[in-house]
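Below: the structure, in structure tokens.
Readers should treat all values here as calculations from the given coordinates under stated rules, not as data from a laboratory. Values in this document were obtained by computation on a predicted structure and should not be read as measured data. Note that each Cβ is placed from the backbone with ideal geometry, even for glycine, and that neighbours are counted across all protein chains shown.
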């Protein structure tokens with residue numbers, strides 16, 4: 001069975017488990033928001049078949065070389081600060097998938113990509129915060145793959161291209177980051193955010209672009225209007241472009257699009 005490739009904007013820290021009264025700045029990304037409801041109903045809305053494994057690329061794990069989490073059972077890494085005490089008690093006891101993790105490593109090594117294995121690191125909030133809403137029963141195994149500390153765009157695209165065939169083995173590849181990663185200075189979205197959204201939506205969804213065109217535009221990301229303000233660093237952008245690459249640069253569809261100030265909360269299906 002084949003799976004699509006999904007990109008999710010993962011909220012602000014544990015925002016989907018807080019009320020807007022607790023953190024007013026996170027209104028629109030809170031537990032009562034449309035954004036949270038979109039995640040809760042995602043599998044039903046998309047009629048997603050149950051995957052054998054979730055292969056997750058999160059903005060919040062970087063290593064010198066591509067690293068695959070091969071543990072049998074995951075803990076959680078509460079890698080955020082300044083939130084209420086109960087957000088450090090969130091549980092999502094999802095299992096790992098060591099056999100699939102080894103398959104991921106073999107794919108990477110066969111393509112000449114240096115990789116390593118990890119078994120103890122907890123799943124960061126880019127994984128458990130959105131996916132606990134999507135798969136609340138914690139019954140679908142997870143394998144997380146790290147980003148590269150180098151933040152090199154071409155290297156990340158190659159990793160995603162190599163992972164692409166796994167989706168034909170009933171593995172759901174999920175990128176977790178943000179379409180823009182800055183709140184901006186005003187309550188409404190700033191011009192740079194709106195300009196970047198136009199560029200991003202065009203690159204990822206325009207059906208007139210060939211896969212080669214789309215890849216070239218992603219590699220030329222620095223020329224995108226407003227990019228440096230939309231993404232002061234590449235960590236939240238890379239999981240988005242990697243999902244496109246894992247779908248062989250075919251056009252995606254926007255599942256949800258909403259500004260929270262200048263933070264662009266968008267989900268894509270490829």
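Assorted remarks:
- Considering only the range 5-269, percent of DSSP beta bridges that pair antiparallel, nearest 5: 35 percent
- Looking at the range 117-270, the pairs of alpha carbons with a distance over 18 Å make up 60% of the total.
- Kirkwood radius, the chain, all distinct C-alpha pairs, inverse of mean reciprocal distance: 18.5 Å.
- Note on the chain: helix-only mean residue ellipticity at 222 nm, from DSSP H runs of 4+ residues weighted -39500 (n - 2.57) and normalised by residue number, equals -9000 deg cm²/dmol.
- Note on residue 205 and residue 228: their simple-model spin labels are 2.9 nm apart, each label 7 Å out from Cα toward Cβ.
- Distance from the Cα centroid of the range 47-79 to that of the range 171-241 is 22 Å (rounded to whole angstrom).
- A simple packing score, the average count of other Cβ atoms within 10 Å per residue, orders the peptides 257-264, 192-199 as 257-264, 192-199, with the highest score first.
- Projected area averaged over orientations for the range 1-68, convex hull of C-alpha atoms, nm²: 6.2 nm²
- Summarising the label geometry, the points placed 7 Å from Cα in the beta-carbon direction at residue 48 and residue 168 lie 2.2 nm from one another.
- Shape category assigned to the range 179-270 from the gyration tensor of Cα positions, a/c cut at 1.5: prolate
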